[in-house]
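Please treat every number below as a calculation from the coordinates, not as lab data. Here the structure is a predicted model, which is why all the values come from computation and not from measurement. Neighbour counts are summed over all protein chains in view; Cβ atoms, including those assigned to glycine, are modelled from backbone coordinates with ideal geometry.
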Amino acid sequence: MSVRYPKCGSDNVVGYMGEWECMDCGYKFRLSTSRSNYRFSKMPEWKNPAFAAVLALIFGFFILMGIGHIYVGRVRRGIAIMIIGLMLIPFGIVTGALTYGIGFLVTIAFWLALLIWQTLDAYNLAKEYNRITWETGRAPW
């Protein structure tokens, strides 16, 4: 079967496991058959794991944790992490005032652990998103 990409007309396409890529313009697509008529469908966009981790780390450092999760598409989890991160501010102030600063130090340690965890989780979720997208041809969530 000879596959030509209809948008640029190139026959320089490479296919693997149902996904095709035009080597001239870089467009990724899938072929689906319906009574020998071929239809092109666009693959979902990939999520960059490094970008998800950088978003999570930078915004998390400035108290807006969960942005990396929202980028990957896990909006509920991102908002939950953001609420927890924002609740740490008054919690740290109150416990710090009541325990002569020790509660504030414990809150800082918890905030740092949450920052590291949510950064690594956003990175791993982006990798999982790409893996599932590659295997199924559609966004997983």
By per-residue mean of other Cβ atoms within 10 Å, what is the highest-first order of 117-123, 50-56? 117-123, 50-56
Can you give the Rg to Rh ratio for the range 49-135, taking only C-alpha atoms and Rh from Kirkwood? 1.10
Sorting Leu112, Ile58, Thr99 by the position of each Cα along the dipole of the range 49-135 (Lys, Arg +1; Asp, Glu -1; all at Cβ), the one nearest the positive end of that ordering is Ile58
What is the extension gain from Ile116 to Trp46, computed as 0.36 nm multiplied by their sequence separation minus the C-alpha to C-alpha distance, in nm to one decimal? 22.9 nm
Please work out the FRET efficiency for the pair Ile132 and Ile93, using the Cβ-Cβ distance as r and a Förster radius of 25 Å; give the result to the nearest 0.05. 0.05
Grab the beta carbon distance between Leu86 and Ser10, set R0 = 41 Å, and tell me the FRET efficiency rounded to 0.05. 0.20
Val13's amide H: which non-local residues (gap 5+, or another chain) put their own amide H closer than 5 Å, with H modeled 1.01 Å from N in plane and none for Pro or chain starts? Met23
